[in-house]
Amino acid sequence: SVNGNKIYAQEYDQFYRQLLAQMRQQSPTRNLNPNQYATAQQRAWDGLVRSRIMDEAMDDLKIQVTDSEVLARFETNPPPQVLANFRNPETGQIDMDAYFAALQNPDVDWSGIENFVRNLMRSEKLQEVVTVDVTVPEADVRQEYINQTGQASAEFVAVLYSDIKDDYAPSAEEITAWYNSHPDDYQ
């Protein structure tokens, strides 16, 4: 349970199986290994815990999504997960005409998709509440930019292996002189 909200085995199992199906879809020709099964188990658990925490936060903040907001989302900015059902198998393109026709068809049951979109929109509203006052100092932005785009320079000298004489042996005096001139290298 998370803060008293129970996570049931059936719910965990369903989420775990969905993750396994997604993993198999990504690599249909390969069998999953034990590490991938363990990863799916952990992701399922983490996802359910995260979901419970977010649900509690949305309830505490009384975040709601109205029917008109859901309808506007369907009409103006449908989620990619919804539009994926209207992909033309031949071209791979989304058939918006088919989507809007289905949206207007009273025989199509949109209740499951509506619940999905409503929950998605509640999560988006929570994220807005959490991040609205977040500011990142300019120095942090610059440092992250450098970290992501930074370049390194290297200097080197190319020497052919055939040019290296392997019969050289330094004298004891040369070794001592080298050692004494580089004390920081031998601490």
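The values are calculated or read from the model by the stated rules, or taken from the named source; none is laboratory data. In this text, all values refer to a predicted model and were calculated from it rather than measured experimentally. Here the Cβ positions follow ideal geometry from the backbone for every residue, glycine too, while neighbour counts run over all protein chains shown. In case anyone asks, the SASA skips ligands and DNA or RNA and just uses the protein heavy atoms, side chains included. Shrake-Rupley method; radii C 1.70, N 1.55, O 1.52, S 1.80 Å.
Let me spell out the model: positive unit charges on the Cβ of Lys and Arg, negative unit charges on the Cβ of Asp and Glu, origin at the Cα centre of the chain. What dipole size does that give, in debye rounded to 20?
1000 debye
In whole Hz and in residue order, list the ³J(HN,Hα) couplings for the range 94-104 that follow from phi through the Karplus curve 6.51 cos²θ - 1.76 cosθ + 1.60, θ = phi - 60°; x for Gly and Pro.
3J(HN,Hα) across the range 94-104, in whole Hz: 6, 8, 5, 5, 5, 4, 5, 5, 5, 5, 8.
For the chain, what % of the accessible area comes from carbon and sulfur atoms, probe 1.4 Å?
Within the chain, the accessible surface is 51 percent carbon and sulfur.
Within the range 146-179, which GluC sites (Glu not before Pro) sit in a loop by DSSP and count at most 10 neighbouring Cβ atoms inside 10 Å?
Passing sites in the range 146-179 are 155.
Once amide H atoms are placed 1.01 Å from N in the peptide plane, what residues at a sequence separation of 5 or more from residue 94, or on another chain, have their amide H within under 5 Å of its amide H?
88
Enumerate the lysines that residue 165 could reach by cross-link, defined here as Cα to Cα under 24 Å, with residues fewer than 8 away along the same chain left out.
Straight-distance partners of residue 165: none at all.
Residue by residue, what Karplus-based ³J(HN,Hα) values in Hz, rounded to whole numbers, does the range 181-186 have, using 6.51, -1.76 and 1.60 with θ = phi - 60° and x for Gly and Pro?
My calculation for the range 181-186 gives 8, 10, x, 5, 6, 10 Hz in order.
Counting heavy atoms of the protein chains only and a 1.4 Å probe, report the per residue accessible area for the chain as a whole number of Å².
Values: 15420 Å² over 187 residues.
Averaged over the residues of the chain, the accessible area is 82 Å².
Whole-Hz Karplus ³J(HN,Hα) for the range 120-128, in order, using 6.51 cos²θ - 1.76 cosθ + 1.60 and θ = phi - 60°, x for Gly and Pro?
Couplings: 4, 5, 4, 5, 5, 5, 4, 4, 4 Hz.
Using only the Cα atoms of the range 1-67, construct the convex hull and provide its projected area averaged over every direction, in square nanometres to one decimal.
Hull-based average projected area comes out at 6.2 nm².
Tell me, what is a quarter of the convex hull surface for the C-alpha atoms of the chain, in nm² with one decimal?
For the chain, averaging the hull's shadow over all directions gives 24.8 nm².
Report the trypsin sites (Lys or Arg not before Pro) located in the range 94-187 that are in a DSSP loop and have at most 16 other Cβ atoms inside 10 Å of their Cβ, or state none.
165
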